[in-house]
Amino acid sequence: MIFSCFLLSLSLYLRALSEHMEILKKRQPSEGKLTWSELQKMKYTWTVAQELMRFIPPVFGGFREALKDTSFGGYDIPKGWKVFWASSPTHMDKDFFADLDEFDPSRFQNPSKPIPPFSYIPFGAGAHMCIGNEFARVETLTIVHNMIMNFEWSEVNPDEMITCQPMPYPSMGLPIRIKERITSE
Ligand code: HEM
């Protein structure tokens, strides 16, 4: 089990690394910094982030208010009641996600079955959906690009658990051993 997890994380890492190496190879010396069009090429890296947010949603849910008497899943919900939508159980519903216990970023690129609307909700959904979701994507990809291109690292505590306080957080603060990456031209 530990060995298969190690192999999985190694293969995810190597594939993401090659995506970023490819971007760097095509960068003109005059361009220097990361560009908008390069960010659009980080498709695999974003599917890894999406799958991570399916497993461990950064926000566990939120409240909505019933505007009229309604019913859902066999429950009657009177007008004015508060309803809590929760991302984790939604992301772990086998009606929406095939092989849901498998960490499989490809489900966001070539899904074996389409993900229905309102089923993948790390940024919420509807009128109050996160307005920063695109910005969060750009921030995530920029950080990953700079980390993966400039450094190599390993976890000090590979078995470190994630705790919720209430946002998910590495329980020991995620100490890492880090060194500069030496890339040959
Ligand atoms: C990975 C990063 C982020 C996650 C997972 C996240 C998640 C969420 C979620 C779940 C909601 C509630 C949506 C709903 O009720 O349907 C929300 C709302 C919101 N988020 Fe984010 N967010 C992220 C980053 C950001 C950033 C970077 C910004 C701003 C720059 C931002 C601004 C907002 C705002 C203003 C709302 C309230 C929207 C409204 O009520 O109409 N978020 N976010």
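The values are calculated or read from the model by the stated rules, or taken from the named source; none is laboratory data. Just so it is clear, the model here is predicted, and its values are computed rather than measured. Every residue, glycine as well, gets a Cβ built from its backbone with ideal geometry; the counts of neighbours run over all protein chains shown. Accessible surface is based on the protein model in full, side chains and every heavy atom, while ligands, DNA and RNA are left aside. Shrake-Rupley method; radii C 1.70, N 1.55, O 1.52, S 1.80 Å.
Observations on the structure shown:
- Selected residue (criterion: nearest to residue 57 (Cα to Cα)) from residues of the stretch 128-180 that are open to solvent by less than 80 Å² (accessible area, probe 1.4 Å) and of a type in the set (D, E, K, R): 137
- Residue 103 within 15 Å of the ligand (Cβ to nearest atom) and either surrounded by 12 or more Cβ atoms within 10 Å (Cβ to Cβ) or charged (D, E, K, R) (or both): no
- Hits in the stretch 143-173 (condition: part of a strand (DSSP E or B), farther than 17 Å from residue 5 by Cα and touching a residue at least 60 places away in the same chain (Cβ under 8 Å)): 164, 168
- Filtered residues of the stretch 116-156 (kept if of a type in the set (Asp, Glu) and within 12 Å of the ligand (Cβ to nearest atom)): 134, 139
- Only one of 22, 31 that is over 29 Å from residue 118 (Cα atoms), part of a helix (DSSP H, G or I), out of contact with any Ser or Thr (no Cβ under 7 Å at 6 or more places or on another chain) and not hydrophobic (A, V, I, L, M, F, W, C): 22
- Looking at 97, 103, just one residue is in a loop (DSSP other than H, G, I, E, B), among the aromatic types (Phe, Trp, Tyr), over 22 Å from residue 129 (Cα atoms) and within 19 Å of the chain's Cα centre (by Cα), and that residue is 103.
- Test result for residue 67, part of a loop (DSSP other than H, G, I, E, B), more than 16 Å from the chain's Cα centre (by Cα) and either within 13 Å of the ligand (Cβ to nearest atom) or touching a residue at least 24 places away in the same chain (Cβ under 8 Å) (or both): no
For (1) over 19 Å from residue 142 (Cα atoms); (2) within 15 Å of the ligand (Cβ to nearest atom); (3) exposed (fewer than 10 other Cβ atoms within 10 Å of the Cβ), each residue gets a yes or a no:
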| residue | (1), (2), (3) |
| --- | --- |
| 31 | no, no, no |
| 46 | no, yes, no |
| 79 | yes, no, no |
| 83 | yes, yes, no |
| 94 | yes, no, yes |
| 97 | yes, no, no |
| 107 | yes, no, no |
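- Residues in the stretch 34-56 that are of a type in the set (A, V, I, L, M) and assigned to a helix (DSSP H, G or I) were compared, and the one that is farthest from residue 152 (Cα to Cα) is 53.
- The stretch 109-127: number of residues that are exposed (fewer than 15 other Cβ atoms within 10 Å of the Cβ) and farther than 13 Å from residue 54 by Cβ: 10
- Among the numbered conditions (1) free of Cβ contacts under 8 Å to residues at least 12 places away in the same chain; (2) under 30 Å from residue 39 (Cβ atoms); (3) within 16 Å of the ligand (Cβ to nearest atom), the only one that residue 89 does not meet is (2).
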